[in-house]
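Student: I'd like to ask you about the structure that follows.
The values are calculated or read from the model by the stated rules, or taken from the named source; none is laboratory data. Keep in mind that this is a model prediction, so the values were computed, not measured. Backbone-built Cβ (ideal geometry, glycine too); neighbour counts: all protein chains shown.
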């Protein structure tokens, strides 16, 4: 038995003898105005609109790189492929994938990488290094391995003046791990896994981002995480094997503004007292996805996020150093303590990352050559990052991002912290 309902002038068949979850699934997938995703505005796009908005420097890079733009840009996953229920989202990549960190195989002195560069610039004492004189597209495997180790040590490494196609960027990400293909975020046409980073496009589709609310996620990440990338965060912590090396290449850069900031998880851990480190070592926490879905068994009960349990303090497989693995938006609760204790502890740990300028680097995206782009490659395991939306969209900012998923998180109780390993002083709180 069936009857027909009309919603916003679009006819839908409701089959009453189907389970309620199947009816809801049909309703959402067949009606363009319905979506449970925080990215609804971008999902119902007309890809030709994006092509009209695409900056000329970005279009040239894409076309020179063999990307077919005849069908529009960016490409959004088909609605039928976007998960609606949390169990579907949880099942994505819910299996072990072999992983060996390329940095663990590298020459510690990095002779092949440093010997080919014209200059190595450490931007701060603890975080951020810029390499001058190399093209990422031309690195040998030995240089890629040494670069992975450098990123694992320095958190983030920068390359200006890069001629880099999205396909070459994807291939580098594939070398470093299992490339993440997001089920609902726009990507380069014909190249799932090369995610499009383009707030201007979101604004054209109704994204409510402005001067007044741009940083709300840094006060209340639960309500305001979807306002953009201005809140401190770590990507894909809900994965069975969370993000490792992430590569963002900007091919259209504002003349002023649009910087990105990174903060070190090694240094955040070393900011803690010895007694507090002992308390946290071995603890586990619940980590959640940025996107929310419906519960199949309670579809009217509100949005649910994918949850996974990982160590609160992790050990990096390439450096062997301990690091603090938390972020305000997606670390839900510490296991083994009360909810009140968990909130108090986590908010303190979030502040360690966010409020210590001496463990952060702020990078200004610029090129010295017209027609070239700039790349940042960072280790998501050992960092948090955030964008600074101070240019307010007055000039275009467009790029592509490739994220390589890494190991199943683990904690080695025999591992040491960064400062401990390097013989740097640590305060003893005896009084």
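Yes or no, residue by residue, for (1) touching a strand residue (DSSP E or B) at 6+ places or on another chain (Cβ under 7 Å); (2) farther than 17 Å from residue 48 by Cα:
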{"position": "182", "(1), (2)": "yes, yes"}
{"position": "198", "(1), (2)": "yes, no"}
{"position": "204", "(1), (2)": "no, no"}
{"position": "208", "(1), (2)": "no, yes"}
{"position": "213", "(1), (2)": "no, yes"}
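Student: Moving on. Quick one: count up the residues across the stretch 325-343 that are part of a helix (DSSP H, G or I) and closer than 23 Å to residue 230 by Cα.
Tutor: Residues meeting the conditions: 1.
Student: Could you please give the count of residues in the stretch 358-397 that are modelled with pLDDT under 95 and either assigned to a loop (DSSP other than H, G, I, E, B) or crowded, with 21+ Cβ neighbours inside 10 Å (or both)?
Tutor: So in the stretch 358-397, the residues modelled with pLDDT under 95 come out as 366-372, 386-397.
Now restrict to residues that are either assigned to a loop (DSSP other than H, G, I, E, B) or crowded, with 21+ Cβ neighbours inside 10 Å (or both): 366-372, 386, 388-397.
Residues flagged as modelled with pLDDT under 95 and either assigned to a loop (DSSP other than H, G, I, E, B) or crowded, with 21+ Cβ neighbours inside 10 Å (or both) within the stretch 358-397 amount to 18.
Student: I've got another one for you. Could you list all residues from the stretch 188-202 that are assigned to a strand (DSSP E or B) and either in contact with a helix residue (DSSP H, G or I) (Cβ under 9 Å, 6 or more places away or on another chain) or crowded, with 23+ Cβ neighbours inside 10 Å (or both)?
Tutor: Initially, the stretch 188-202 is screened for residues assigned to a strand (DSSP E or B), giving 195-197.
Within the stretch 188-202, 195, 196 meet the criteria.
Student: Name the helices (runs of 4 or more DSSP H) wholly inside the stretch 205-281 in which the number of residues that are crowded, with 19+ Cβ neighbours inside 10 Å and in the same structural domain as residue 387 (by TED's automatic domain parsing) is 3 or more.
Tutor: Correct list: 265-270.
Student: Which condition breaks for residue 349 when tested against (1) in contact (Cβ under 8 Å) with a residue 12 or more places away in the chain; (2) surrounded by fewer than 22 Cβ atoms within 10 Å (Cβ to Cβ); (3) in a helix (DSSP H, G or I)?
Tutor: Here residue 349 meets the rest and fails (2).
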